[in-house]
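Notes to accompany the following structure.
The values are calculated or read from the model by the stated rules, or taken from the named source; none is laboratory data. Since this is a predicted model, take the numbers as computed values, not measurements. Note: ideal-geometry Cβ built from the backbone for every residue, glycine included; neighbour counts use all protein chains shown. In case anyone asks, the SASA skips ligands and DNA or RNA and just uses the protein heavy atoms, side chains included. Shrake-Rupley method; radii C 1.70, N 1.55, O 1.52, S 1.80 Å.
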Amino acid sequence: MTKIVVNATHKGGEGKTTNSIILAEYIALVLGLKTLIIDMDPQANFSGRYIKMEYDPSYKGGKIPALHPDYEPLVDKDWDGRSSIANIFYGEEVVPYPTSITNLDLLPAHSIKLQEAEAVTKNEVVEKVHLQLKRFLELEDVQNTYDMVIIDTPPSKGPLTIAAIKAASHIVIPAQMEQFSIEGIYGMLQLWKQETYCRTPNNPITLVGILPNQVRDIKLHKQFLSGLRQGKGLGDYVMPHVIKKRAIYTEILVEDANPKSIFELPANNVARNEYETACRYIMEKVNHGEEKGVRN
Amino acid sequence: MAKKKVFAISNALSNGIEETIQAAHDYSGELRVEVVPLKRIEVDPENPRDLALTFEDANHGISPTDPQYARKEQEIESLQSIANSIKDQGIINPIVVYKFGEKYRLVAGERRTLASIIAGKTDIQAKILDSKPNDLKIRLLQWIENVERSDLSLWERLNNLEKIVSAYFEKNNLSKKSISVTELSNLIGCTKPHAANYKAVLDADPGLKQYISTNQIRSLEKAALIATIQTSDLKEHALNECLAGANLKRLKAIAAQKPNKIAQIKKSVESRGRQTTSVNLGITKNVGVAQLVLDSILKNNALSPIAIHFKQVDWNDYRAINNTFKQLVKKLEELHT
Ligand SMILES: Nc1ncnc2c1ncn2[C@@H]1O[C@H](COP(=O)(O)OP(=O)(O)OP(=O)(O)O)[C@@H](O)[C@H]1O
Ligand SMILES: [Mg+2]
């Protein structure tokens, strides 16, 4: 079974997208596993890292994916040449985009289509949205093509995030060590709990844990972290590694950054080391601790 | 310098988190839905059925010699629209079964199962329990399924909980009428503080419950706080503030007040002003109290002649209730001149 890791919290700016990017690149570049990344966030930041996103002519501020490199206008009459994960909510085919990173394919966002899916309220429709991503990822084609799927979600607890959780085998909750983050953590714990009720023993949903992000050496952060670690029941779900606040995690995202991925930095680079340790921890959970061959 | 508290997860939140994680562990997989072949599903012979139609009939058609032919035909007819919708989009609400050897026995969803057979399906989505559930288990499953639904009011949750508690007593042959906090927290898989809140509200007086039933009080924490205030003055005060929209913090402040302080303030207010020459029979927002007063008075045999005037009171209408009491006082004065 393809393992599916979702980065989620309904609090904004916690590091969902950053963690999706770095984890996906770790899996593709370092582990050499065939990886599909999915952007469920109408903001489309995740997609923008890997392919060109264009402004949607029909919707101000909205983004749509650029034309697919395999699109041939003369031949492909039944397709407009763009493909996004939102297509699954409309019964349309999806075509993953290749990225400049080996082993890494992307299903990008489409702002307005995703927002429409997020906004559904009618009960039957909501249920369809909830299950659609899961159904898609269970397709034999997808299962046979990819070893891992990484999903980035919007800062919400709405249908798109729920759909991602229903599809997931693992959840990571990135969180800054600040007061308001706790709301996001609590919200995600509730979604996780509700989902565990529905899972079968051979298809569990595992909470990898809370990934402390943008941590600084200040009293506020230290106390918050130790508060989390001491929280009854919660302590087990706070990851043992933390990600510090470092300019490089933002700098490496700019278009002409060199190198382009932190996994192209020297192995002894502090930032690379720090994040690689966290990624390794996540992957240990994903593999139940069993050794997985490194194909690099 | 006072030690500055930099970080604190509020108690309510940290309880909530603990409770969430606990429940995830306790009930993992309880609501799982799997696809089960229809031919492995059977009815539970111990459960009463309301349909005459058997699975056999649905599969192979009703035998023309069947003495119940007409009735069964009608039942098939009545299942046709569900069958059509199942053909189109499958079942929306999974059935509930439990494992019985190689078979699955039905707990809920007989009509959906029959309709699926009629629709020509070979399998069906089902929640699978490991063994035959007792009433308590069924209620608990409903609880964990529903408790997170934001559209469920406090009143609906309390009603569910009341049923769970009585099923629990029945199952364990307990004759007592009140459940302990520990029992309750074990039963529904939540923390003790949370269970204590539920217990306080379960045990609350009818007056308070009335406000919950009409959704004037929607917060479990607030209701529990008011329910546990001992002094009636303070309780009334907190209740009124709550109805006026006070937050939990404010209500806590009221609950923490010393009871005699309020009494003192009241006294000093009363002792001022002009001399009092009439009796104020008091004011309450609590319809239950008004009802109790009226009922108690009318139980007095000596007053039976006036009882006839107070048979039909619209207890949902404050104005009508006020008029009733005005009339009551008038009648009583007539009797006591
Ligand atoms: N460890 C870090 N050190 C420094 N900057 C960081 C770190 N993690 C994230 N950031 C920056 O913080 C901002 C928010 O991060 P990110 O976009 O990953 O959060 P998000 O949870 O995806 O936000 P949203 O909810 O808007 O989708 C970004 O500008 C990102 O570059
Ligand atoms: Mg993001």
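Take the alpha carbon atoms of segment A:10-102, find their radius of gyration, then divide it by 2.2 N^0.38 Å using N residues; give the quotient.
Numbers: Rg = 14.5 Å, N = 93, 2.2 N^0.38 = 12.3 Å.
Rg over 2.2 N^0.38 Å, computed on Cα atoms: 1.18.
Let me cross-check A:Ser100: its accessible surface, 1.4 Å probe, with only protein heavy atoms counted, in Å² to the nearest 10?
About 100 Å², ignoring ligands and nucleic acids.
Output the pairs from A:Lys232/B:Lys192; A:Lys3/A:Lys245; A:Lys134/B:Lys87; A:Lys63/A:Lys128; B:Lys163/B:Lys249; A:Lys232/B:Lys137 with a Cα-Cα distance over 20 Å in this structure; if there are none, say none.
Beyond 20 Å: A:Lys3/A:Lys245; A:Lys134/B:Lys87; A:Lys63/A:Lys128; B:Lys163/B:Lys249; A:Lys232/B:Lys137.
Would you kindly give the portion of the calculated P(r) for segment A:29-184 that falls above 19 Å, as a percent of all Cα pairs?
Result for the distance tail: 56 percent.
Please work out the average accessible area per residue across segment A:3-286, using the 1.4 Å probe convention, and give it in Å².
Normalised by residue count, the accessible surface of segment A:3-286 is 43 Å².
Positive end of the charge dipole of chain A (Lys, Arg +1 and Asp, Glu -1 on Cβ, about the Cα centre): tell me which of A:His130, A:Ala117, A:Met283 has its Cα farthest that way.
The one lying farthest along the dipole's positive direction is A:Met283.
Please get the size of the charge dipole for the protein assembly as shown, origin at its Cα centre, with Cβ charges of +1 on Lys and Arg and -1 on Asp and Glu, quoted in debye to the nearest 20.
On the way: 81 positive and 77 negative charges, 729 e Å.
It works out to roughly 3500 debye.
Please get the size of the charge dipole for chain B, origin at its Cα centre, with Cβ charges of +1 on Lys and Arg and -1 on Asp and Glu, quoted in debye to the nearest 20. Kindly include the intermediate steps, with their values, before the conclusion.
Details: 48 positive and 40 negative charges, 426 e Å.
Dipole size: approximately 2040 debye.
Over the residues of segment B:84-154, compute the C-alpha Rg and express it relative to 2.2 N^0.38 Å.
Dividing the Cα radius of gyration by 2.2 N^0.38 Å gives 1.26.
Ignoring ligands, DNA and RNA, what percent of the accessible area of segment A:180-231 is carbon or sulfur (1.4 Å)?
Answer for segment A:180-231 is 54 percent, counting heavy atoms of protein chains only.
Quick one: grab Rg to one decimal and Dmax as a whole number for segment B:287-335, Cα atoms only, in Å.
Reported Rg and Dmax, both Å: 10.3, 28.
Could you compute the longest span of chain B free of trypsin sites (Lys or Arg not before Pro) located in DSSP loops and having at most 11 other Cβ atoms within 10 Å, not counting the site residues?
Looking at chain B, B:6-148 is the longest stretch - no exposed trypsin sites (Lys or Arg not before Pro) with at most 11 other Cβ atoms within 10 Å.
Among A:Cys198, A:Cys279, what's the order by accessible area (1.4 angstrom probe), most exposed first?
Details: A:Cys198 50, A:Cys279 0 Å².
So, going from the largest accessible area down, we get A:Cys198, A:Cys279.
For segment A:3-286, would you read off the P(r) tail past 29 Å as a percentage of all alpha carbon pairs?
Everything past 29 Å amounts to 31 percent.
Considering chain B as a Gaussian network with a 10 Å cut-off on Cα pairs, which listed residue, B:Ala167, B:Ala70, B:Ala126, attains the greatest mean-square fluctuation?
B:Ala70
Taking every eigenvalue of the Cα gyration tensor of chain B, multiplying by 5 and rooting it, what semi-axes result, largest first, whole Å?
53, 31, 16
As a test of the definition: which semi-axes, in Å, follow for segment A:168-296 when you take the square root of five times each eigenvalue of its alpha carbon gyration tensor? Largest first, please.
Numbers: eigenvalues 139, 93, 35 Å².
So the equivalent ellipsoid measures 26, 22, 13 Å along its semi-axes.
Which far-off residues, 5 or more places away or on another chain, put their amide H under 5 Å from the one on A:Glu54, with H placed in the peptide plane?
Placed amide hydrogens put A:Ile64, A:Ala66 under 5 Å from A:Glu54.
With every protein chain kept in place and ligands, DNA and RNA left out, what is the accessible area per residue of chain B? Probe 1.4 Å, answer in Å².
Value for chain B: 61 Å² per residue.
For segment B:37-88, take the alpha-carbon Rg, divide it by the Kirkwood Rh, and send me Rg/Rh.
0.97
Using alpha carbon coordinates only, what is the Rg to Rh ratio of segment B:12-133, with Rh defined as the Kirkwood radius?
In segment B:12-133, Rg relative to Rh is 1.11.
Checking an interface number: how much accessible area is buried between B and A, summed over both chains, with a 1.4 Å probe, in Å² rounded to 100?
The summed interface area works out to 2300 Å².
Across bins of 5 angstrom width beginning at 0, how are the C-alpha pair distances of segment A:81-158 distributed, in whole percent?
3, 13, 24, 27, 18, 10, 4, 1, 0
Can you list the HN-Hα couplings for segment A:173-181, worked out from phi with the Karplus curve (6.51, -1.76, 1.60; θ = phi - 60°), rounded to whole Hz and with x for Gly and Pro?
10, x, 8, 6, 8, 9, 2, 6, 5
Ignoring any ligand, DNA or RNA, what whole percent of the accessible area of segment B:287-335 comes from carbon and sulfur when the probe is 1.4 angstrom?
52
Suppose only helical runs count, i.e. DSSP H with n ≥ 4. What mean residue ellipticity at 222 nm does that imply for chain A under -39500 (n - 2.57) per run, divided by all residues and rounded to the nearest 500 deg cm²/dmol?
Working: 10 runs with 107 residues, N = 296.
It comes out at -11000 deg cm²/dmol, rounded to the nearest 500.
From the protein chains alone at 1.4 Å, what is the descending order of accessible area for B:Ser78, B:Ser116, largest first?
Numbers: B:Ser78 60, B:Ser116 0 Å².
Per-residue accessible area, sorted high to low, gives B:Ser78, B:Ser116.
With each run of n ≥ 4 DSSP H residues scored as -39500 (n - 2.57), what mean residue ellipticity at 222 nm is computed for chain B after dividing by its residue count and rounding to the nearest 500 deg cm²/dmol?
Only helices count here, giving -17000 deg cm²/dmol.
Can you give the convex hull volume per residue for the Cα atoms of segment B:106-195, as a whole number of Å³?
Taking the convex hull of the Cα positions in segment B:106-195, it is 132 Å³ per residue.
So if the hydrodynamic radius of the protein assembly as shown is defined as the Kirkwood radius over C-alpha pairs, what does Stokes-Einstein give as its diffusion coefficient at 25 °C and 0.890 mPa s, in µm² per second?
D, rounded to a whole number, is 83 µm²/s.
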